[in-house]
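Encoded as structure tokens, the structure appears first; notes follow it.
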Amino acid sequence: MSFEPKIIAFCCNWCSYAAADLAGTARMQYPHNVRIVRVMCSGMVHPELVMDAFQQGADGVMVLG
Amino acid sequence: MLDNKKIGSVMIVGGGVTGMQSALDLADAGYYVYLVEKSGAIGGAMAQLDKTFPTNDCSM
Amino acid sequence: MTLSEVTNISGEVGNFNVTVKEAPRYVDMDKCIACGACTEKCPKKVDSEYDAATGKRKAIYVKYSQAVPLKYQIDGSQCLRLTAMAKGKEKLPCGFCEQVCDAGAINYNDTEKTHEINVGAIVMAPGFEAYDPTNAKVWGFGVYPNVVTSLQFERYLSATGPTEGHLVRPSDGKKVKKVAFLQCIGSRDENTCGNGYCSSVCCMYAIKEAVIAKAHEPGLETSIFYMDMRTHGKEFDQYMERAKNDSGVNFIRCRVNSVEPQGANGDLRLSYVNNAGVQIEEYFDLVVLSVGLETPKHVLELAEMAGIEVTADRFAKTKDFTPVTTTRDGIFTAGAFAGPKDIPQAVVEGSAAAAAVADVLAPARNELTKEAVFPEERNIAGEEPKIGVFVCHCGSNIAGMVDVEAVEAYAKTLPGVAHVERNLFTCSQDAQEGLAVRIKELGLNRVAIAACTPRTHEPLFRETLKSAGLNQYLVEMANIRNHNSWVHDSKEIATKKACDLVRMAVAKVTFSASLAPISVPITQTALVIGGGVAGMTSALNLAEQGFVVTLVEKSAKLGGNALKLDHTWSGEEVAPQVAKLIDQVNWNEKITVFTETEVSAAEGFVGNFKTTLKGKDGVETVIEHGAGVVAVGADAYQPTEYGYGEIAGVVNGIDFDSADKAGKKNFVFIQCVGSREEGHMYCSKVCCTHSVQSAIALKKEDPSRNVYILYRDMRTYAQREKLYREARSLGVMFINYEIHGKPQVTKNGDVIDVQVIDHVLHRPVIIKADMVVLASGIRPKSDFKTLSQMYKISLDGDGFFQEAHAKLRPVDFATDGMFVAGMAHYPKPLEESVAQALAASARAATLLSKLEVTLDAIKAQVDSSKCDGCALCVDVCPYHAISLLEVKATAEGAAPTKVIDVNKAKCKGCGLCQATCPKEGVAVAGFTLQQLSSQVSAALAI
């Protein structure tokens, strides 16, 4: 089986999370291996959360805001 | 003027940015608002714009 | 009420009876869940109004993808079945939408409804329509496919538009390389369209479209053909300069009279005179007609039916001191109906109309509004998690791509989950009631909803929890529709991902806690700073609405800059109106006026400000107030150029009004003195109109006078254009000059020589003048800075006060509870100041009409056992909500410790503090590190 990265995306409620919602409304297809965690502002993502994610096996972390 | 009983509700004709702003302010100040829009959805002309000056923000 | 029109208005102010006709939608709004299945199946395609006919829609459609309400509608004039029904046919075609609608929302037998509604006042905000250039023929619109309107171009630029933002020619799909924008199409043109007025917004939107188009297509050439660039709004001139210098948009001052095709390949030919005076022919791929605004026919009919008068330009008639009041008592106007205007001004008027309504209806406030009542909240502290999971099918939106039964089965295996069930539509009324019953029956203490997006539906589920006696913050949503079933095409993958998302939501909600609502009491009084027309209008309106107001004025008397004005642009006399305002303010028992007084200190936050006023005598008074309006006006620029103060006969605009003009023959006005140049790159907005008005008066008094106006762009915007027309017809000479060729003013014996480069002859000419009038601009006051620091409200680059959002929050400050009105915000004419002042009152009244404000509980909370007062978070907080407290030591002799304190009223819950804190001493409730990391762990668990 080919490598499938696990990606955690921290999305700001007001922009990137809303954009992900709109992608749905527009039925835009994208890879399934992203897991979105909603935050109220990308500024709330503590560096430890990112390290935490990597430690637990994430291959990539996106902070979108 | 104050002798006549006044109705605590307002009708706003037009559901564009102007009408919506008016409706929100009146509702927040304690008046019952009827917002009347001719088309099937509110939003008006601004919803048709792609981006707006000055920050080129999306107008949605 | 959508698809609705007002057909009759009877009664009078305070008690109108309005008849509203509601057209059938043929779709049940309560049932439609906007899945879009109907549109997909609908066989009938029609031009989309939303896309200005550049794209297609179906006969069953939603106006646009983010429409509110997001409910579909059937166009009865296009639907195959409905048109057949209307013709009385027996065998009915199609019916596909009904077949595919899982929600059963289609109702072909829907009928028109009539509503009789009793209201106290009416606001008319019916808007405008874009001028349709089809019939004018000269620009080839409707004949040559590559001639489009600016509204169509806007849709081509949009990612949701017909070409998804790619710029290609409508005729052949060829990539566009050269675009021409033609200004004043349907504006400033009485011959072709009968619209003599300026539409005010086209110059700015054309620049914006040109800049954005260039950003879309690198290398694109854009040229704007114009008569005068009217970029008179806040920061507009700076934007134009950037468009010229950074984006490379060409500006050509020439009215192009026709568009010709060049052969059959779709290219278009324009002939024009360039800036150097040379006749040129040039070819373009695309010609954009910058169409103006006009009042639609149905709105004129509405106006006639409502009995309100319109102007010669067919806009609602208003007065300058009451800019949102129509000619019929109790009916108000806002937005483009009362004259062409841009978005911020329309929003200002929306609020202003609200204020005007409130002035009339204040005694009836809160009579018809109801507060919802909820049962007492259950305390769940200490309980083991008992989570209910509700999986929504969303018709086939989720269930079509996700094996919802598998998700249900999986959810049952998760720790803490006590109950799982599926609903066809979890958001439906009956499912909501069922949810509340389950919470009570089973004693659930947390809920996870696997459905759509929390951005639209979380408030609904929060209300449901409240109604079931559970704290509203104990719900979490798993977005298995927008982020899953809608974006993946494999059932296996989508089902697996849905399980993951449910696991993440359950993990997070396990650590959710009841959050107490945060409310802040409000002092129901206002402080208005500045006693000019804006300040007085604002104070008076708030007082009429029943609030106690303090009005502070720095000088010895009320009136401000208006004391120096003779007439408004429309010719109304200023002095009697200002005198009336001063009287009303002085006699209003709810208003306390402090003159010769300044603000010396301020503290507090929304609902709870404390301002110290200092009189000339040094006496200080402390005022507690819930809201504040900054209406401190602006200063007139005192010129240092053109021999002002040195050459007798060189005066500024204000001096000129009172100067002796008897016996003088030759007058020269010089525009843009101290405006629109380096360091002051903004338009002072009022000077063009003032000079033109003065010129008209001079000519009317003595037609043999020679009056010259030297200008850069004549900005007699909106309905002021008629003054410009009148001045020209009276023989006022208008001479254009450029910033690099400013006029020279020298004394020459008894007369003054003004030398300017004539734009037609392209050589210098000398005008001998008896009087030179400098149209000097408007400048921010020197004390803006101290005021801005005291209230933590910011200034813009030009030194005026900065509103919270240029378009949508034009009178609010980013600091809650503070508002701006009048020239303190930006130079503006009187009626715009009045509108903004009313708007500020309306915005303030939304706060002051409540005893307390309830705030979302998603705020930073301090864990005092972990916070050691390092204060790293204090500086990063963008809302200045965090302060450092000193805690007295408990043990004797020990040093005092420090801890931070979050002001909940100022905190917006962004969590910058949380991300900065090295000790986990502060966290945003509902988004704690524990909650977020549990979600991350759950996401990565498998």
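The values are calculated or read from the model by the stated rules, or taken from the named source; none is laboratory data. Here the structure is a predicted model, which is why all the values come from computation and not from measurement. Backbone-built Cβ (ideal geometry, glycine too); neighbour counts: all protein chains shown. Accessible surface areas use protein heavy atoms only, side chains included; no ligands, DNA or RNA. Shrake-Rupley method; radii C 1.70, N 1.55, O 1.52, S 1.80 Å.
Within region C:46-73, work out how many residues are more than 26 Å from C:Val288 (Cβ to Cβ) and surrounded by 19 or more Cβ atoms within 10 Å (Cβ to Cβ). Give the steps one after another, and end with the answer.
Taking region C:46-73 as the starting set, the residues that turn out to be more than 26 Å from C:Val288 (Cβ to Cβ) are C:58-62, C:67-73.
If we keep only those that are surrounded by 19 or more Cβ atoms within 10 Å (Cβ to Cβ) too, we end up with C:58-62, C:67, C:71-73.
The total comes to 9.
So in region C:145-156, with the set limited to residues that are crowded, with 19+ Cβ neighbours inside 10 Å and out of contact with any Gly (no Cβ under 6 Å at 6 or more places or on another chain), which one is farthest from the other protein chains (Cβ to nearest Cβ)?
Residues of region C:145-156 that are crowded, with 19+ Cβ neighbours inside 10 Å, as a first pass: C:146-156.
Okay, now just the ones that are also out of contact with any Gly (no Cβ under 6 Å at 6 or more places or on another chain), so C:148-154, C:156.
Values: C:Val148: 14, C:Thr149: 11, C:Ser150: 10, C:Leu151: 7, C:Gln152: 10, C:Phe153: 9, C:Glu154: 5, C:Tyr156: 9 Å.
Only one residue fits best here, namely C:Val148.
Looking only at region C:314-330, decide whether some residue is among the aliphatic types (A, V, I, L, M), within 8 Å of chain B (Cβ to nearest Cβ), touching a residue at least 24 places away in the same chain (Cβ under 8 Å) and buried (at least 22 other Cβ atoms within 10 Å of the Cβ). Before you say what the answer is, go through the steps one by one.
Keep residues of region C:314-330 that are among the aliphatic types (A, V, I, L, M), which gives C:316, C:324.
Among the residues that remain, those that are also within 8 Å of chain B (Cβ to nearest Cβ) are: none.
Taking every residue of region C:314-330 in turn, none turns out to be among the aliphatic types (A, V, I, L, M), within 8 Å of chain B (Cβ to nearest Cβ), touching a residue at least 24 places away in the same chain (Cβ under 8 Å) and buried (at least 22 other Cβ atoms within 10 Å of the Cβ).
Just the residues that are β-branched (Val, Ile, Thr), crowded, with 24+ Cβ neighbours inside 10 Å and farther than 27 Å from C:Tyr197 by Cα, please, taken from region C:336-367.
The one that is β-branched (Val, Ile, Thr), crowded, with 24+ Cβ neighbours inside 10 Å and farther than 27 Å from C:Tyr197 by Cα: C:Val357.
Looking at region C:728-756, which of its residues are within 41 Å of the chain's Cα centre (by Cα) and over 22 Å from C:Glu677 (Cβ atoms)?
C:Arg728, C:Ser729, C:Leu730, C:Gly731, C:Val732, C:Met733
Examine region C:548-567 for a residue that is of a type in the set (A, V, I, L, M, F, W, C), open to solvent by less than 10 Å² (accessible area, probe 1.4 Å) and within 14 Å of another protein chain (Cβ to nearest Cβ), and state whether such a residue exists.
no
Quick check: anything in region C:13-34 open to solvent by less than 20 Å² (accessible area, probe 1.4 Å), more than 10 Å from every other protein chain (Cβ to nearest Cβ) and more than 31 Å from the chain's Cα centre (by Cα)?
Scanning region C:13-34 turns up no residue that is open to solvent by less than 20 Å² (accessible area, probe 1.4 Å), more than 10 Å from every other protein chain (Cβ to nearest Cβ) and more than 31 Å from the chain's Cα centre (by Cα).
Report whether or not C:Lys665 is among the basic types (Lys, Arg), surrounded by fewer than 19 Cβ atoms within 10 Å (Cβ to Cβ) and closer than 26 Å to C:Trp569 by Cα. It would help to see each step written out before you state the result.
Numbers: among the basic types (Lys, Arg): yes; surrounded by fewer than 19 Cβ atoms within 10 Å (Cβ to Cβ): yes; closer than 26 Å to C:Trp569 by Cα: yes.
So C:Lys665 passes the test.
Which condition number does C:Ala891 fail, the rest of (1) within 14 Å of chain A (Cβ to nearest Cβ); (2) loosely packed, with under 14 Cβ neighbours inside 10 Å; (3) hydrophobic (A, V, I, L, M, F, W, C) being met?
Every condition holds for C:Ala891 apart from (1).
Is it the case that C:Ala513 is more than 14 Å from every other protein chain (Cβ to nearest Cβ), open to solvent by less than 20 Å² (accessible area, probe 1.4 Å) and on the phi < 0 side of the Ramachandran plot? Show your work before the answer.
Values: more than 14 Å from every other protein chain (Cβ to nearest Cβ): yes; open to solvent by less than 20 Å² (accessible area, probe 1.4 Å): no; on the phi < 0 side of the Ramachandran plot: yes.
No, not satisfied.
Go through region C:446-463 and report how many residues are more than 14 Å from chain A (Cβ to nearest Cβ), in contact with a strand residue (DSSP E or B) (Cβ under 8 Å, 6 or more places away or on another chain) and either closer than 21 Å to C:Val373 by Cα or free of Cβ contacts under 8 Å to residues at least 12 places away in the same chain (or both).
Matching residues across region C:446-463 total 2.
Mind listing just one residue for me: the one in region C:511-533 that is in a strand (DSSP E or B) and not aliphatic (A, V, I, L, M) and, of those, nearest to B:Ala29 (Cα to Cα)?
Quick first cut of region C:511-533, residues in a strand (DSSP E or B) only: C:518-521, C:525-529, C:532.
Filter once more, keeping what is not aliphatic (A, V, I, L, M): C:519, C:521, C:525, C:532.
Working: C:Ser519: 17, C:Pro521: 16, C:Thr525: 14, C:Gly532: 26 Å.
Within region C:511-533, the match that is nearest to B:Ala29 (Cα to Cα) is C:Thr525.
Would you mention how many residues in region C:48-95 are in a strand (DSSP E or B) and within 24 Å of the chain's Cα centre (by Cα)?
1
Scanning region A:33-49 for residues that are free of Cβ contacts under 8 Å to residues at least 24 places away in the same chain and either buried (at least 18 other Cβ atoms within 10 Å of the Cβ) or out of contact with any helix residue (DSSP H, G or I) (no Cβ under 9 Å at 6 or more places or on another chain) (or both), which turns out nearest to the other protein chains (Cβ to nearest Cβ)? Don't jump to the end; show me each part of the working.
To start, the set of residues in region A:33-49 that are free of Cβ contacts under 8 Å to residues at least 24 places away in the same chain comprises A:43-44, A:46-48.
Among the residues that remain, those that are also either buried (at least 18 other Cβ atoms within 10 Å of the Cβ) or out of contact with any helix residue (DSSP H, G or I) (no Cβ under 9 Å at 6 or more places or on another chain) (or both) are: A:43-44, A:46.
Values: A:Gly43: 4, A:Met44: 3, A:His46: 5 Å.
Among residues in region A:33-49 that are free of Cβ contacts under 8 Å to residues at least 24 places away in the same chain and either buried (at least 18 other Cβ atoms within 10 Å of the Cβ) or out of contact with any helix residue (DSSP H, G or I) (no Cβ under 9 Å at 6 or more places or on another chain) (or both), the one nearest to the other protein chains (Cβ to nearest Cβ) is A:Met44.
In region C:1-12, how many residues are of a type in the set (Asp, Glu) and either surrounded by fewer than 17 Cβ atoms within 10 Å (Cβ to Cβ) or away from chain B (no Cβ under 11 Å) (or both)? If you could, list the steps in order and put the result at the bottom.
Step one: list which residues in region C:1-12 are of a type in the set (Asp, Glu), which gives C:5, C:12.
Among the residues that remain, those that are also either surrounded by fewer than 17 Cβ atoms within 10 Å (Cβ to Cβ) or away from chain B (no Cβ under 11 Å) (or both) are: C:12.
So the count comes out to 1.
Can you tell me which residue within region C:440-493, out of those that are more than 22 Å from C:Ser934 (Cα to Cα) and among the aliphatic types (A, V, I, L, M), is surrounded by the most Cβ atoms within 10 Å (Cβ to Cβ)?
Step by step, filter region C:440-493, then rank; the result is C:Leu470.
Would you check which residues across region C:697-718 are assigned to a loop (DSSP other than H, G, I, E, B) and aromatic (Phe, Trp, Tyr) and list them? Step through it out loud before you land on a result.
Narrowing region C:697-718 to residues assigned to a loop (DSSP other than H, G, I, E, B): C:702-705, C:712-717.
The one that is assigned to a loop (DSSP other than H, G, I, E, B) and aromatic (Phe, Trp, Tyr): C:Tyr717.
Considering only region C:924-940, state which residues are over 19 Å from A:Met62 (Cβ atoms) and at the interface with chain A (Cβ under 9 Å from one of its Cβ atoms).
Selection gives C:Val924, C:Gly926.
Quick one: which residue in C:Arg438, C:Arg422, C:Arg462, C:Arg455 is in contact with a Leu (Cβ under 7 Å, 6 or more places away or on another chain) and of a type in the set (D, E, K, R)? It would help to see each step written out before you state the result.
Values: C:Arg422 fails: in contact with a Leu (Cβ under 7 Å, 6 or more places away or on another chain); C:Arg462 fails: in contact with a Leu (Cβ under 7 Å, 6 or more places away or on another chain); C:Arg455 fails: in contact with a Leu (Cβ under 7 Å, 6 or more places away or on another chain).
Testing whether each residue is in contact with a Leu (Cβ under 7 Å, 6 or more places away or on another chain) and of a type in the set (D, E, K, R) leaves just C:Arg438.
May I ask you to list the residues in region C:349-377 that are closer than 12 Å to C:Ala837 by Cα and more than 9 Å from chain B (Cβ to nearest Cβ)?
Listed by number, the list holds a single entry, C:Ala356.
Taking the options C:Ser865, C:Ser883, name whichever one is out of contact with any Phe, Trp or Tyr (no Cβ under 8 Å at 6 or more places or on another chain), modelled with pLDDT of 90 or more and open to solvent by 90 Å² or more (accessible area, probe 1.4 Å). Write out each step before concluding.
Values: C:Ser883 fails: open to solvent by 90 Å² or more (accessible area, probe 1.4 Å).
Result of the check over C:Ser865, C:Ser883: C:Ser865.
Out of B:Gly43, B:Gly14, B:Gly30, I need the residue that is within 7 Å of chain C (Cβ to nearest Cβ), closer than 17 Å to C:Val119 by Cβ, at pLDDT below 90 and open to solvent by less than 20 Å² (accessible area, probe 1.4 Å). Which one? Talk me through it step by step, then tell me what you get.
On the way: B:Gly43 fails: closer than 17 Å to C:Val119 by Cβ; B:Gly14 fails: at pLDDT below 90.
Testing whether each residue is within 7 Å of chain C (Cβ to nearest Cβ), closer than 17 Å to C:Val119 by Cβ, at pLDDT below 90 and open to solvent by less than 20 Å² (accessible area, probe 1.4 Å) leaves just B:Gly30.
For C:Ala303, all conditions in the list (1) open to solvent by 10 Å² or more (accessible area, probe 1.4 Å); (2) among the hydrophobic types (A, V, I, L, M, F, W, C); (3) under 27 Å from the mean Cα position of the chain (by Cα) hold save one; what is the number of the exception?
Here C:Ala303 meets the rest and fails (1).
When both residues are 6+ apart or on different chains and their Cβ atoms are under 6 Å apart, which pairs have a first residue that lies in region C:406-430 and is farther than 21 Å from C:Leu460 by Cβ, and a second that is open to solvent by 30 Å² or more (accessible area, probe 1.4 Å)?
Filtered contacts from region C:406-430: C:Glu408/C:Arg422; C:Gly416/C:Pro385; C:Gly416/C:Thr510; C:Ala418/C:Lys386.
Among C:Gly140, C:Gly104, C:Gly173, C:Gly161, which is assigned to a loop (DSSP other than H, G, I, E, B), over 28 Å from C:Ile343 (Cβ atoms), open to solvent by less than 20 Å² (accessible area, probe 1.4 Å) and not assigned by TED's automatic domain parsing to the domain that holds C:Glu349?
Only one candidate qualifies: C:Gly140.
Listed residues C:Val62, C:Val68, C:Val18; which is modelled with pLDDT under 90 and in contact with a strand residue (DSSP E or B) (Cβ under 6 Å, 6 or more places away or on another chain)?
C:Val68
Quick one: count up the residues across region C:723-734 that are of a type outside the set (Asp, Glu), free of Cβ contacts under 8 Å to residues at least 40 places away in the same chain and out of contact with any Pro (no Cβ under 9 Å at 6 or more places or on another chain). Break it down stepwise before answering.
If we filter region C:723-734 for residues that are of a type outside the set (Asp, Glu), which is where we start, we get C:723-725, C:727-734.
Narrowing the set further to residues that are free of Cβ contacts under 8 Å to residues at least 40 places away in the same chain leaves C:724, C:727-731, C:733-734.
So of that shortlist, the ones also out of contact with any Pro (no Cβ under 9 Å at 6 or more places or on another chain) come out as C:724, C:727-729, C:733-734.
Number satisfying all stated conditions: 6.
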